[in-house]
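Below: one structure, written as structure tokens.
Coordinate-derived values only; no laboratory data. These numbers were taken from a predicted model, which means no experiment stands behind them. For neighbour counting, all protein chains shown are included, and Cβ atoms are generated from backbone atoms with ideal geometry for every residue, glycine included.
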Number of protein chains: 2
Amino acid sequence: MKKSLDFLYKIQKELSIFGGIGSLLDWDQKTYMPTQGAIERSDQISLISRLSHERFISEELWNHVRKLTDPDVLNKLEEKDQIVVKRLEKDIEKARKIPPDFVEELSKTTSLAYVAWQGARENNNFDRFSPHLEKIVELRKRYCEYIGLPGHPYNSLLDDFEEGMTVEKLKQAFSYLKPRLVEILGKIKDSECFNKQRDVKMNFDAENQKQLCFLLIKKMLIPSDKARLDVSTHPFTTSIGNDDVRFTTNYGRKQPLFAFFSTLHEAGHALYSLGLPKDEYKYTVISDAPSFGLHESQSRFWENMIGRSRNFWKYFYPVLQKTFTRQLRSIDLETWYFYVNQVNPSFIRIEADELTYGLHIILRFEIELALIDNNIKVSDLPGVWNEKMKELLGIVPKTDTEGVLQDMHWSVGDIGYFPTYAIGTIYATQLFHQLSQENPEVYNEIGQANFTNILSWLREHVHKHGRVMTAEDIVKNVCGEGLNSRIFISFLKDKYYPLYGV
Amino acid sequence: MKKSLDFLYKIQKELSIFGGIGSLLDWDQKTYMPTQGAIERSDQISLISRLSHERFISEELWNHVRKLTDPDVLNKLEEKDQIVVKRLEKDIEKARKIPPDFVEELSKTTSLAYVAWQGARENNNFDRFSPHLEKIVELRKRYCEYIGLPGHPYNSLLDDFEEGMTVEKLKQAFSYLKPRLVEILGKIKDSECFNKQRDVKMNFDAENQKQLCFLLIKKMLIPSDKARLDVSTHPFTTSIGNDDVRFTTNYGRKQPLFAFFSTLHEAGHALYSLGLPKDEYKYTVISDAPSFGLHESQSRFWENMIGRSRNFWKYFYPVLQKTFTRQLRSIDLETWYFYVNQVNPSFIRIEADELTYGLHIILRFEIELALIDNNIKVSDLPGVWNEKMKELLGIVPKTDTEGVLQDMHWSVGDIGYFPTYAIGTIYATQLFHQLSQENPEVYNEIGQANFTNILSWLREHVHKHGRVMTAEDIVKNVCGEGLNSRIFISFLKDKYYPLYGV
């Protein structure tokens, strides 16, 4: 028993370390690596992935796990060890369902598909991507067969990103959300405010943006000896270790607030990563987030619930105004607050506002489901995409680049990922709602950029659990219920109706 | 045969990739890593080293190598494969001489010793380091027994850094150098010039230093898509891949030209790494430098032979003067040339000028040899150090921090390393001498900061060989002879006597 347990912890430590090394290879590639290093970098990443995967699905590890999950043995373990062993059993059991040949085939297919997608997107030519996507959809269907979770085949895809989430639960949530989001959007579009709103043109220089972002993360209590903010084309966050988290932003985008909001977003991810359990659960499968949705809830919490609130800007708008006096001199706080919350149906998901964002996700979920269900063919996608855009957002992209080709997810094989963005956004609203009930002072604290209590609350109720529970159980524990779209819709109405005089 | 050969290349590829990953872990730790990441980083580095070492000394690899080195088999291989197989056999044979327990003991000892050395140096307290160094010396003596090269035991230490170098050869070189360096230094110290020379106080701001260094490396033909220059406490160069080389400098030191000269030095290393064979020998043991001395020859070539030459400053001094007009307005080129070549016996090796640098190395070589020969005890070191400083440089450090504790090498177990600095310096002079005979235009080219021919010459005569030959054979091939201190001494006399009016 002792021997098996020691082996388990030894391998988990190695796997965690491989994970950290993989993250560094990835982070460096996206931040500082000279461009010509790319080929060797992919060799480096492949080697680490392969070694990691080999260990994870090895007979030796599996035999030790099986010894420990024998009920007679399991009951004699300490609670902490039981949690680790059961978690590990579940993870390995799943990984072992996938034949190594399939892993390789998927990897080769997505390598080619990603390049094809880039070309297709650049040249606005869906046909260049279409055959690759067909193959990916076929492979993903086979994947669903291997995993074989009960219910809808798509459940097996969802489960990789959001354990325990099902088509049934999502359909319930989205069928509640969809008509209501469309309704709120309709009312806003009919309002006088909407028809008067202008796209504000502003240009903030990179150096001052950077200083503001560093002030922001300082206020957010990001510890500078455990995390760093750099620059990359697309912002992201990654953990190299429990005490070494890297996140990025980009000061060169057209949207004047892109860097500020992406920093808020990624810093939310970073705070979560820094708060994961690292004492008894260090170097185990537990020291991680239970789902992508819960990770996203932390970024959306800071970006939306805090960063797009009126109180937040009570503190930060004067700072911003002082930094960019020329551009902001004549804009008052209320106008600014309206500006950062403007609703604007747009083609591109990642540029979407808080209200329409969910519609972009529902569109993708419906398409993914129809693909897995054989209700549509890949070649139909551009048409289907545009119809759904018309239906949900009332606009139709002029090109596939601005439509069906905009996201990289499918090209790398990620089908079932998009819903986690919506789940995260909904969880964020629920968590904030709960926090504000427990501590009504939270609004004043935000108004003073005093985030100490907020961060402690998140650490205590979300971060510290790691993967001891599923995301849904964590949320249930804090809020008394799982995914709840009603709170999200109320929040949107309470925020946007007054804003647009509806 | 085919199977064994394939296995060899597969393992070499893995080992090369591990090497690149290890370099990235190290580079990141010294440049961007948040301080608290250090503990996890050491776990990451340990894992990669362990996996790499395990593969390297594995029975499986050794059996394949032995199959291929059977003369009947070896002769049937292509020349390229023969070179790889023989090189690999030699490397593995050596590594397999060291018992794994010893590797671990040395690693643990040096981890503690490095920390102790830091404390000892900070507190100017040799006694804190002394017991650790005693253990390291004992371990290194055991190491010599394991390796067991012919001749002096110290040969087995030297060989790790400078294959084929021996105590005999070094004694010959240094016994020629030592009295001559002392003699030249004596004449300089007696000169009028020396007694009038002043320590120039200048302060160059970091941003402008940085711009100059980036101009410098552009002129040196460092390709920006394959290399990058960053900042670290101590400058260094490392290869993450054949097409991804990183080097660093430091703009914050007191010495106004520290960043400039260290950039020249490290860029020399970087150009060598970028020039290593990467077509047929990619991902093999051949795609590396044959010795530390030869690597150092490339850095010293750029730093000393080019960067401290009159012609170099014909181009760069006007640029420097334009950048730092206030500080340099009243200083003419000739005064500046004297300034960058001033001789000044100093306590610290890494601050030493071109002339006295060799004496610092000879001092360390004599001490290391005496330690291995049991002619002195570790506890005698501070006294011995100071005596030798008096004898060689005519000055005595007031503290051990400025004396015997200044270098980290011994604390990490590196005994036998220092001579490579002298070897590199001597080789650099020989190479430049040869180049100037083959292409007398080189001086004009340097005066125009046109380094195209110089780099091609180095690529062709040094870089491209990798480890196909030893360092000495590479130098012999180019210059017609191995290590030759006479050329170095002539060079010093030709340069310094006119400079000091001797």
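For A:GLN211 and A:MET408, FRET efficiency with R0 = 41 Å and r from the beta-carbon atoms, rounded to 0.05?
On the way: r = 31 Å, r/R0 = 0.76.
Plugging the Cβ-Cβ distance into 1/(1 + (r/R0)^6) gives 0.85.
Applying the Kirkwood pairwise sum to the alpha-carbon positions of the protein assembly as shown produces a hydrodynamic radius of 32.4 angstrom. Sorting A:GLU303, A:GLU441 from the fewest to the most surrounding beta carbons within 10 angstrom yields A:GLU441, A:GLU303.
In percent, what relative contact order does the stretch A:1-96 have, based on Cα pairs under 8 Å that are 6 or more apart in sequence? Write out the running numbers ahead of the final one.
Working: 52 pairs, mean separation 34.5, N = 96.
Rounded, it is 36 percent for the stretch A:1-96.
Once both labels are positioned 7 Å from their Cα atoms along Cα-to-Cβ, the gap between B:LYS219 and B:VAL396 label points is 4.4 nm. Between B:ARG55 and A:HIS53, the simple label model (points 7 Å from Cα in the Cβ direction) yields a spacing of 1.7 nm. Checking every one of the chymotrypsin sites (Phe, Trp or Tyr not before Pro) in the stretch B:253-307 against DSSP loop status and a limit of 10 other Cβ atoms within 10 Å picks out no site at all. Reducing the stretch B:212-248 and the stretch B:72-97 to their Cα centroids gives an inter-centroid distance of 33 Å. Relative to the other identical copies, A:GLU334 shows label-point distances of 7.7 nm, where the label point lies 7 Å from Cα along the Cβ direction and values run shortest first.
With a Förster radius of 45 Å, plug the Cβ-Cβ distance of B:TYR9 and A:LYS189 into 1/(1 + (r/R0)^6) and report the FRET value to the nearest 0.05. Intermediate values should be presented prior to the final figure.
Working: r = 64 Å, r/R0 = 1.42.
Efficiency computed from Cβ-Cβ geometry: 0.10.
A point 7 Å from Cα along Cα→Cβ stands in for A:GLY119, and the other copies hold the same point at 6.2 nm, listed in rising order.
Mind checking the stretch B:70-101 for GluC sites (Glu not before Pro) that DSSP puts in a loop (not H, G, I, E or B) and that have at most 12 other Cβ atoms within 10 Å?
On the way: sites: B:GLU78, B:GLU79, B:GLU89, B:GLU93; in loops: B:GLU78.
Taking the stretch B:70-101 and a limit of 12 other Cβ atoms within 10 Å, the loop GluC sites (Glu not before Pro) found are B:GLU78.
With no solvent and one point per C-alpha, what does the Debye sum give as log10 I(q)/I(0) for the stretch B:182-303 at q = 0.10, 0.14, 0.21, 0.23 Å⁻¹? Each listed q maps to, in turn, -0.41, -0.69, -1.12, -1.24.
Candidate cross-link partners of A:LYS495 among the lysines, defined by an alpha-carbon separation under 24 Å and a same-chain spacing of 8 or more, comprise A:LYS178, A:LYS187, A:LYS189, A:LYS196, A:LYS314.
What is the order of B:VAL65, B:VAL103, fewest Cβ neighbours within 10 Å to most?
Details: B:VAL65 21, B:VAL103 16.
The fewest-first ordering by Cβ neighbours comes to B:VAL103, B:VAL65.
Put simply, the C-alpha atoms of chain B give a gyration tensor, and the ellipsoid matching it has half-axes of 36, 28, 23 Å, longest first.
Go through the stretch B:21-83 and name the trypsin sites (Lys or Arg not before Pro) that are in a DSSP coil and have 15 or fewer other Cβ atoms within 10 Å of their Cβ. The partial results should precede the final answer.
Values: sites: B:LYS30, B:ARG41, B:ARG50, B:ARG55, B:ARG66, B:LYS67, B:LYS76, B:LYS80; in loops: B:LYS76.
Taking the stretch B:21-83 and a limit of 15 other Cβ atoms within 10 Å, the loop trypsin sites (Lys or Arg not before Pro) found are B:LYS76.
What number comes out for the charge environment of A:ASN195, summing +1 per Lys or Arg and -1 per Asp or Glu over other residues with Cβ under 14 Å away? Residues near A:ASN195 contribute +1 overall.
Please report the net charge: other residues with Cβ closer than 12 Å to the Cβ of B:GLU280, K and R +1, D and E -1.
Taking every other residue near B:GLU280 into account, the sum is 0.
Under 20 Å of direct C-alpha separation, and excluding same-chain neighbours fewer than eight residues apart, B:LYS218 reaches these aspartates and glutamates: B:GLU207, B:ASP230, B:ASP243, B:ASP244, B:GLU266, B:GLU303, B:GLU445. Net charge within 15 Å of A:LEU157 by Cβ-Cβ distance, Lys/Arg positive one each and Asp/Glu negative one each, not counting A:LEU157 itself? Summing Lys/Arg as +1 and Asp/Glu as -1 gives -3. When the Cα atoms of the stretch A:1-96 are aligned to their principal axes, the ranges along those axes come out at 56, 23, 21 Å in descending order.
Considering lysine pairs in the stretch A:1-96 that are 8 or more places apart or on different chains, how many have Cα atoms under 13 Å apart? Don't jump to the answer; show the numbers that get you there.
On the way: A:LYS2/A:LYS10; A:LYS2/A:LYS67; A:LYS2/A:LYS76; A:LYS3/A:LYS67; A:LYS67/A:LYS76; A:LYS67/A:LYS86; A:LYS86/A:LYS94.
For the stretch A:1-96, qualifying lysine pairs total 7.
Given a cut-off of under 8 Å on Cα pairs at least six residues apart, what relative contact order in percent is computed for the stretch A:338-433? Could the numbers behind the result be given before it?
Working: 72 pairs, mean separation 27.6, N = 96.
Across the stretch A:338-433, relative contact order equals 29 percent.
If you take the square roots of the eigenvalues of the alpha-carbon gyration tensor of the stretch B:426-502 and sort them as a ≥ b ≥ c, do you get rounded (a/c under 1.5), prolate (a/b over b/c) or oblate? It is oblate, given that a/c is not under 1.5 and a/b is not larger than b/c. Taking 17 Å as the straight-line reach from the Cα of B:LYS97, the aspartates and glutamates in range (excluding those fewer than 8 positions away in the same chain) are B:GLU54, B:GLU59, B:GLU60, B:GLU89, B:GLU105, B:GLU145, B:ASP159, B:ASP160, B:GLU163. Expressed as a whole percent, the proportion of Cα-Cα pairs in the stretch A:370-464 lying more than 22 Å apart is 52%. Each Lys and Arg Cβ is given +1 and each Asp and Glu Cβ -1; about its Cα centre, chain B then shows a dipole of about 1000 debye.
Ordering A:ALA370, A:GLN298, B:ILE48 by the projection of their Cα atoms onto the charge dipole of the protein assembly as shown, which places +1 on the Cβ of Lys and Arg and -1 on the Cβ of Asp and Glu, puts A:GLN298 at the extreme positive end.
By the gyration tensor of its Cα atoms, with a ≥ b ≥ c the square roots of the eigenvalues, what is the shape of the stretch B:248-315: rounded for a/c under 1.5, prolate for a/b over b/c, or oblate? Cα axes put the stretch B:248-315 in the prolate bin.
Helix-only arithmetic for chain A: the sum of -39500 (n - 2.57) across DSSP H runs with n ≥ 4, divided by the residue total, places the mean residue ellipticity at 222 nm at -20500 deg cm²/dmol.
Given a Förster distance of 56 Å, report the FRET efficiency between B:ALA95 and A:ARG142 from their Cβ-Cβ distance, rounded to the nearest 0.05. Present the calculation step by step, with values, prior to reporting the outcome.
Numbers: r = 45 Å, r/R0 = 0.80.
About 0.80, to the nearest 0.05.
Largest first, the three principal axis extents of the alpha carbons in the stretch A:45-88 are 39, 19, 9 Å in whole numbers.
In chain A, Cα pairs under 8 Å separated by at least six residues give a relative contact order of 20 percent. Distances between copies at B:ASN75, taken between label points 7 Å from Cα along the C-beta direction, are 7.3 nm in increasing order. Farthest toward the positive end of the dipole of chain A, out of A:THR35, A:GLY466, A:LEU320, is the Cα of A:LEU320, where the dipole comes from beta carbon charges about the Cα centre. Global size of the stretch B:237-283: 13.3, 45 Å for Rg and Dmax (C-alpha atoms, Rg to one decimal, Dmax whole).
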